[in-house]
Every structure is written in structure tokens, then in C-alpha cells.
1. For chain A, what does -39500 (n - 2.57) per DSSP helix run (n ≥ 4), summed and divided by total residues, give at 222 nm, in deg cm²/dmol to the nearest 500?
2. Please list, ordered by chain and number, the residues whose modelled amide H lies under 5 Å from the amide H of A:Val85; skip anything fewer than 5 residues away on the same chain.
3. Note the buried accessible area between A and B here, summed over both chains, with a 1.4 Å probe, in Å² to the nearest 100.
4. Can you find, among B:Ile72, B:Thr9, A:Cys10, the residue sitting farthest towards the positive end of the charge dipole of the protein assembly as shown, where Lys and Arg contribute +1 and Asp and Glu -1 at Cβ?
5. With every protein chain present, what is the per residue accessible area of chain B (1.4 Å probe, Å²)?
6. How far is A:Lys127 from itself in the other copies, in nm, if each label sits 7 Å out from Cα along the Cα-Cβ line, shortest first?
7. Name the residues whose placed amide hydrogens come within less than 5 Å of the amide hydrogen of B:Tyr98, ignoring near sequence neighbours (fewer than 5 apart) on the same chain.
8. Between the chain alone and the structure with every protein chain in place, find the residues of region A:124-142 that drop at least 40 Å² of accessible area; heavy atoms, 1.4 Å probe.
2 protein chains.
Amino acid sequence: MTDHKNPKTCQAWARLMRVSGKLLQDIEADLKAANLPPLGWYDVLLEVRNAEPKWLRPVDIQEKMLIQQYNISRLIERLVKEGLVIRKSCDCDKRGQYIVLEPAGNDILDKMWPIYKAAIDKHFGDKLNVAEIDSLTQILSKF
Amino acid sequence: MTDHKNPKTCQAWARLMRVSGKLLQDIEADLKAANLPPLGWYDVLLEVRNAEPKWLRPVDIQEKMLIQQYNISRLIERLVKEGLVIRKSCDCDKRGQYIVLEPAGNDILDKMWPIYKAAIDKHFGDKLNVAEIDSLTQILSKF
DNA sequence: AATGAATTGATGCATTTGCATCTAACTCGA
DNA sequence: TCGAGTTAGATGCAAATGCATCAATTCATT
């Protein structure tokens with residue numbers, strides 16, 4: 001890293017943190033205002049649905065979502081308690097388990113998406129033109 | 001928001017959340033590995049130092065950091081307990097208080113910065129060229 | 001086959017965050 | 001100047017997160 005680059009880097013970093021944090025707050029707030037669960041629930045349920053007909057294990061979801069093992073363990077615990085997914089024992093590895101989407105989980109996904117989509121557009125997409133969105137996507141792909 | 005734009009928007013959004021979350025995790029981990037406090041402490045202390053010789057009140061810091069009132073209240077509580085800042089009664093508004101940096105707080109800032117800076121470069125700056133950093137900064141300025 | 005290392009998932013405990021609400025102080029219009 | 005409405009900050013309680021560690025299994029090497 002050359003010296004002249006660092007000030008710009010730090011400014012970009014600070015701005016990235018501010019913007020992404022604020023966007024997350026605003027979008028979560030829209031979900032909450034609609035009496036819907038937090039984004040973490042959506043992410044897990046969507047991963048599970050997208051993987052179908054394959055079944056995912058907690059460790060798979062954890063890797064996709066880049067979160068800690070104990071966090072996915074407890075997140076799944078909450079989803080099971082709400083009847084959104086069930087645990088299914090895993091024949092090939094007796095330590096493991098499969099996480100299977102229940103109809104209620106599918107319904108929640110379908111209820112959340114319109115609100116989520118609208119919030120993404122309102123707080124994020126509407127502020128950028130197509131070129132900026134493409135450019136942002138390209139830059140973020142470097143990570 | 002036009003229909004053809006939305007899929008790109010959602011992809012950019014998803015990528016933004018993934019990347020910013022991961023970067024935050026990695027950089028916080030570097031601080032923790034060096035036995036240093038979390039980024040939130042740095043942000044508060046830096047706001048207080050940058051404002052000098054003016055004194056900030058909790059509500060000022062809260063607005064700059066875009067966090068909840070109860071979060072800044074408790075964050076300051078921790079900093080006071082560690083002797084990094086002190087509360088000073090505010091003559092012009094008896095509800096309020098000023099948050100004043102103590103020498104220990106200044107030291108912590110100076111200790112954290114080299115680690116923080118190196119982490120920003122390593123996890124963020126080094127992955128992008130100058131044009132990309134400029135472009136990212138410009139795009140984020142739209143928010 | 002045996003055993004040491006690695007992986008999967010859970011959990012007790014401490015810290016942090018979120019939510020609702022409180023008190024005290026300030027503001028502003030009648 | 002009075003009183004309603006607003007603002008600053010704190011806090012009790014519940015929920016979520018972080019940390020360390022555990023038990024059960026699987027893998028890999030000899």
C-alpha cells in the first residue's frame with residue numbers, strides 16, 4: 001500500500017461502514033414496521049429454499065452466511081421453535097443434521113420478500129443509477 | 001425503480017451486505033487479536049478528539065455515529081468506567097453533559113490507530129486500485 | 001484396528017443490544 | 001407565566017451475541 005493511497009482508502013472505508021450500517025438499520029426497520037422477522041431469518045430460510053432439493057446442514061448455512069457457528073446454532077433454534085424449519089437426522093454423518101424448510105417458513109419468505117424488495121429499492125436502489133450499481137457490484141466482487 | 005433494474009440492485013445489495021459485514025468482522029478480529037477494544041470505542045473517542053477544543057454531548061456523538069440513544073449512553077458508560085473519558089456538567093443545559101477525552105483515552109486512540117490502519121489496508125485497501133477506491137467513494141457519497 | 005486430530009453442533013455464562021419507559025429540563029405559544 | 005409538548009439522558013428487563021468449552025462423531029496416519 002503506497003502512502004498517498006491510504007487517506008483515500010480510509011475515507012472510502014469510513015464511508016462504506018457508515019452507509020452499509022445505515023442501510024441495514026433502515027431496511028431492518030421497514031421489516032419490523034411490517035411485523036416481520038429480522039433479515040437473519042430471511043437469509044437462513046432463503047439459503048435453505050435455494051438449496052432444494054438438496055438439504056443443507058447448519059455448517060453449510062454458516063459458511064454461506066459468513067457467521068459464527070454458535071450464531072447459526074441459535075438462529076436455527078429460533079426458527080425451529082417458530083415451526084419455520086425442522087431438523088432432520090443425517091444418515092451419512094451422525095454428528096450432523098439437515099435443516100428442512102417447513103410450509104410456514106416458505107410463507108414467511110413470501111411475506112417478507114415484497115417488503116424487503118421495496119426497502120432495498122427505496123433505501124438503496126433508488127439512490128443510484130444503473131451504471132453506479134454495475135460499478136459497485138464490480139468493485140465489491142474484488143473481495 | 002424500473003423492473004429491469006431491480007435484479008441488479010438486489011445483487012449489488014446482497015454483495016454490499018456480505019462484503020461490509022465480512023470486512024467488519026475481519027478488522028474487528030485484528031483489533032481483538034492485538035488486545036485492543038472494539039471499533040465502537042475508537043469511533044466515540046475519535047469523534048470526541050476531532051471536535052476539540054469544542055466539547056461534544058452524547059446526543060452529538062449519537063448523531064455523528066448514527067446509532068441509538070441507549071447505545072451511546074451505555075457505550076459512554078463503559079468508556080467512563082475505563083477512565084477514557086469523563087462527563088462534565090453542561091452549564092447551558094442542565095439535562096445535558098459534555099464528554100471530555102482523558103489522557104488514557106487519547107493513548108488508546110494512538111494505540112489503536114496503527115493496528116486499525118494496517119487492518120484497513122490489508123482487508124480493504126489492498127484489494128482495490130486507486131480508481132476503484134475513488135469510484136467507490138463517489139458512489140457511496142450518493143447516500 | 002488404534003489413536004490422536006479435526007469436525008459438527010450445543011450450551012453455560014458474561015456482555016451487549018433492543019425496547020419501553022422514566023425523570024428532569026427545556027421550549028414555545030397562549 | 002403557565003402548561004403542553006419536546007428533548008437529553010438513564011435504566012429495568014428481555015433477547016441476542018460473544019466466548020469458551022463440551023460431547024459425539026468422523027477422519028487420517030500408522
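1. It lands at -22000 deg cm²/dmol.
2. Excluding prolines and chain starts, which carry no amide H, the hits are A:Val80, A:Glu102.
3. 4800 Å²
4. The listed residue farthest towards the positive side: B:Ile72.
5. 55 Å²
6. 2.0
7. HN-HN under 5 Å from B:Tyr98: B:Lys88, B:Ser89, B:Cys90.
8. The answer is A:Phe124, A:Lys127, A:Leu128, A:Val130, A:Glu132, A:Ile133, A:Leu136, A:Thr137, A:Ile139, A:Leu140, A:Lys142.
The values are calculated or read from the model by the stated rules, or taken from the named source; none is laboratory data. Remember, it's a predicted structure, so these values are computed and weren't measured experimentally. Cβ atoms come from the backbone with ideal geometry, glycine included; neighbour counts cover every protein chain shown. Keep in mind that these areas ignore ligands, DNA and RNA; they rest on the heavy atoms of the full protein, side chains included. Shrake-Rupley method; radii C 1.70, N 1.55, O 1.52, S 1.80 Å.
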